[in-house]
Each structure stands twice: as C-alpha cells, then as structure tokens.
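Q: Got a structure here, written out as structure tokens. Questions coming.
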Amino acid sequence: MEYIEEYFRRGFTTNEMFDLLAVSHGVILSKRTLERCLSKKRFWRRKNKTDVVEVAAFIEQLETSGQCQGYRWMHQKCWLNGIVTDRETVRILLRLLDGEGVDLRSRNRLRRRVYHSCGPNYVWHIDGYDKLKPFGIAISGCIDGFSRKMIWVEAYKTNNDPKVIAGYFTDAVVNAGGCPSRIRLALGTENGHVAEMQRFLSENTDSAIFGPSTGNQRIEQWWLTLRSQCAQFWIELFDKLQEDGFFSDNFLDKSVIQFCFLQTIQEDINGIVSTWNDHRIRQVHNSRSPHGRPSILHAVPQLYGGRDYLQNVDLEKVEVCLEECVFKDFPCDEDVFYICVDLMSEHNLTLTNVFETVNLDITLRQLINNDLGINH
C-alpha cells in the first residue's frame with residue numbers, strides 16, 4: 001500500500017501510521033496486519049540499515065545549508081532520502097565530519113514562551129522574513145498555530161505585494177479545502193488583501209487579527225529555525241560576494257542574484273519545510289502545546305486533545321479571490337531574465353551546484369555591466 005511506504009519513508013512509527021491510515025484515509029487495519037505489511041515489504045528500522053559509508057557520504061553533502069543542521073534534523077533528512085540509520089550513528093558521524101559545527105550549535109539556547117491553540121486551522125500565523133531581502137530574496141511564510149505545520153514558505157522577488165501574498169493564501173485555502181478560523185498577521189499593507197479575503201471567505205469580520213511582528217509568536221519562532229537550518233548559509237554566501245566586490249546593492253545585482261539563486265533557495269526551503277513537518281517536536285514541561293510530528297498533529301488532532309477548525313468555503317468566493325491574486329512568474333525583472341538567458345546560451349554557461357551558480361552570478365554580472373559600459 002502506497003501510504004504505508006510513504007509514511008515509513010517519512011520516519012513515522014507503527015502507531016502513527018495506524019492512526020493516520022484510519023483517520024485520514026479510512027483504512028482500518030489491525031496493528032498486527034500493519035506490522036505484517038511492513039515486514040512483507042522489508043520495511044524494518046533495525047534491519048537492513050544503510051551502510052555507514054553511504055550514510056557518511058550523504059551527510060558530507062554540506063555544500064549548502066546542511067552544514068547548519070544538528071543530528072536530529074540530519075537523521076530526519078536521512079530517512080526522507082531513503083537512508084535507514086539511527087540517531088546515534090548520525091550524531092557520531094556529524095561529530096567526525098563537522099566537529100566545529102557541532103560545537104557551535106551546542107552553544108545555542110532558546111527561550112520558549114507559553115502558547116496555546118485549540119486545534120489545527122484555528123489560527124494561521126502569517127509573516128515575512130527579510131534577512132535575505134538586502135540581496136533581493138524576499139520570503140513569506142505561514143504556520144498553523146496548533147500543529148506547527150508549515151502551510152507555506154515561499155521565496156520570491158517580493159513579499160510586499162499584497163496580491164502575491166494573497167496568492168499564497170488562496171493556494172493554501174484551495175489545497176486545504178477550506179480556510180482557517182482566523183489568521184494572525186503583522187501590521188503592513190502587504191497583508192491587506194489576505195485579511196479581506198479571510199473575512200470574505202469565513203464570513204467573520206473578526207477572523208483577521210493584526211499585531212506587531214514581534215508578537216506573532218509562532219511564525220517568529222519558526223524563523224529562528226529557518227535561520228539556523230538554511231538562511232544563515234545564504235546570508236554568509238551573499239555577504240562574501242559583497243565583500244569581494246561582486247554585489248553593490250543595486251537593481252541589476254539583485255536581479256542577477258534572483259535569476260541565479262531563487263530556485264535553489266526555494267528548493268532548499270522546501271527541504272527544510274518537509275523535514276520540519278515530519279520531525280518530532282519534543283515535550284516541553286512549561287508548554288501547553290502538544291508534542292509530536294507537525295504533520296500528524298495537523299492530520300489527527302483528536303489524538304492530542306484538539307479538533308480541526310477548518311472552515312468550509314464557497315467555491316465561487318474562492319474564484320473571486322483567485323482573480324485578485326498575482327502568482328509567481330519570472331524570478332527577477334523580466335528584461336533581466338531574458339538578457340541572462342541569452343547570455344547563458346551565447347557563452348555556453350551552465351550550472352550544477354551552488355559554487356558554479358556563484359561563478360554564474362559573477363560572470364553574468366560582469367557581462368551585463370560590460371554591455372552597459374559600466375566598469376567594476
């Protein structure tokens with residue numbers, strides 16, 4: 001059964017699979033039958049482990065933000081990529097392969113504030129992340145307050161256009177089959193369309209809550225995860241470009257970075273979101289929030305004392321909202337995009353990894369500046 005294979009690959013326990021199959025898919029199996037299915041497909045967690053050399057080779061792929069990640073996060077990534085191993089093996093390999101990174105991560109300390117939500121889709125927290133914005137990369141995110149499942153995290157050339165943010169929201173509503181009971185937004189014109197759409201779809205004028213970004217606790221806390229597991233790598237990479245004189249904080253330089261890096265950064269973020277949604281949140285003694293995997297907390301909230309607050313929506317109203325949205329198209333300015341495509345074809349420029357992409361960024365920047373008669 002395809003669901004069993006998917007859930008095993010995502011690292012779920014037998015009990016978690018049992019609950020998801022029954023609640024989300026209406027598949028009723030005894031636990032013994034489920035265990036036999038797993039055994040028949042040779043889905044064993046303690047047998048047929050991946051060779052340690054192969055595990056080490058996977059972990060050693062630290063050319064991007066992987067070098068920011070701890071052993072629990074890396075263990076989850078191993079499972080998601082079909083590598084069967086245990087946490088202790090990953091911890092030891094990380095110590096051997098990246099001892100300095102382990103020491104740096106071990107010094108971090110987070111202070112957790114008390115938060116409580118009634119169930120999934122009771123509150124969606126929406127905000128923008130601007131740490132990469134000086135380099136032209138703007139990020140928008142939304143997290144479910146109860147389960148901590150990421151609803152979306154999108155990197156694009158802007159997160160200030162209210163129609164773009166509305167597009168993310170409307171897509172999420174379509175995918176979920178309804179809208180949340182309420183949304184929590186930062187103050188700002190970019191969120192105006194989303195707030196109006198939420199009120200329109202839910203037929204509740206009080207369903208959009210505004211407040212300062214610093215008070216939007218759930219999403220602000222997740223930005224720390226994005227920073228440590230992903231964004232820090234890109235910040236340091238772009239800072240190095242700037243230090244070396246290959247970035248001048250102007251329109252052209254930002255556009256070239258968008259052209260070269262936006263898709264790679266989005267793929268990196270997608271990996272972080274996938275890992276986050278399936279990782280296990282540990283129990284915290286002073287927290288009122290349930291512990292477990294965000295994806296399962298969101299799918300079967302009744303197991304954790306909650307219920308789903310998703311609001312049914314009128315499809316005609318959704319169509320009206322879609323007409324007011326703008327969706328991703330070109331990663332950068334359209335003219336710059338076609339210039340870069342032509343230059344890559346003319347000079348036979350290609351890319352396969354992040355370091356070749358850095359060289360591509362530098363080369364395209366120089367070629368365009370030369371055509372414009374700008375000396376750098």
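Laboratory data are not the source of any read-out in this text; all were calculated from the coordinates shown. Since the model is a prediction, treat every value here as computed from it, not as a measurement. Here the Cβ positions follow ideal geometry from the backbone for every residue, glycine too, while neighbour counts run over all protein chains shown.
Q: Using θ = phi - 60° and the Karplus form 6.51 cos²θ - 1.76 cosθ + 1.60, what ³J(HN,Hα) does each residue of region 9-16 get, whole Hz, x for Gly and Pro?
A: 4, 7, x, 6, 6, 4, 5, 5
Q: Here's something else I'd like to know. Normalised by the number of residues in region 204-315, what is the relative contact order in percent for Cα pairs under 8 Å and 6+ residues apart?
A: Reported as a whole number, the value is 13 percent.
Q: Which of the peptides 167-173, 131-137 is most tightly packed, and how do the rest follow, judged by the mean count of other Cβ atoms within 10 Å per residue?
A: Output ranking for 167-173, 131-137: 167-173, 131-137.
Q: Search the structure for amide H atoms under 5 Å from the amide H of residue 281, placed 1.01 Å from N in the peptide plane, and list their residues when 5 or more places away or on another chain.
A: The list, which skips near neighbours in sequence, is 292, 293.
Q: Another one. Obtain the nm distance between the two label points defined at residue 327 and residue 97 by a simple spin-label model: each point lies 7 Å from its Cα along the Cα-to-C-beta direction.
A: 3.7
Q: I've got another one for you. Using Cβ counts within 10 Å as a stand-in for footprinting exposure, how do 309, 129 rank, fewest first?
A: 309, 129
Q: Sort 11-19, 313-321 by packing, meaning the average of other beta carbons within 10 Å per residue, with the highest value first.
A: Going by the mean number of other Cβ atoms within 10 Å, highest first, we get 11-19, 313-321.
Q: Taking K and R as +1 and D and E as -1, what net charge do the other residues with C-beta under 13 Å from the C-beta of residue 332 add up to?
A: Result for the local shell: -2.
Q: Of the listed values (i) 187; (ii) 169; (iii) 148, identify the label whose number matches volume of the Cα convex hull per residue in Å³ calculated from this model.
A: Among (i) 187; (ii) 169; (iii) 148, the one derived from this structure is (ii).
Q: What does the charge count around residue 252 come to, taking other residues whose C-beta lies under 12 Å from its C-beta (Lys +1, Arg +1, Asp -1, Glu -1)?
A: -4
Q: Which whole-Hz ³J(HN,Hα) couplings does region 122-135 yield from phi under the Karplus relation 6.51 cos²θ - 1.76 cosθ + 1.60, θ = phi - 60°, glycine and proline marked x?
A: 3J(HN,Hα) across region 122-135, in whole Hz: 6, 9, 9, 9, 10, 6, x, 10, 10, 5, 9, 5, x, 9.
Q: Relative contact order (percent) for the chain, with alpha-carbon contacts under 8 angstrom and 6 or more residues of separation?
A: 19
Q: Right, next: Roughly speaking, what is the stretch gain from residue 187 to residue 52, that is 0.36 nm per residue apart minus the C-alpha to C-alpha distance, in nm to one decimal?
A: 43.6 nm
Q: Moving on. ³J(HN,Hα) across region 361-366 via Karplus (A = 6.51, B = -1.76, C = 1.60, θ = phi - 60°), whole Hz, x for Gly/Pro?
A: Listing the rounded values in order: 4, 5, 5, 4, 4, 5 Hz.
Q: Determine, for each peptide in 193-201, 87-95, the mean count of other beta carbons within 10 angstrom over its residues, then list the peptides with the highest first.
A: The most tightly packed comes first, giving 193-201, 87-95.
Q: Here is a further query. Would you mind telling me which residue in 227, 307, 36 has the biggest mean-square fluctuation in a Gaussian network model of the chain, where springs connect alpha carbons within a distance under 10 angstrom?
A: The residue with the greatest mean-square fluctuation here is 36.
Q: Would you please classify the overall shape of region 123-323 from the alpha carbon gyration tensor, given that a ≥ b ≥ c denote the square roots of the eigenvalues, rounded means a/c under 1.5, and beyond that prolate means a/b larger than b/c while oblate covers the rest?
A: oblate
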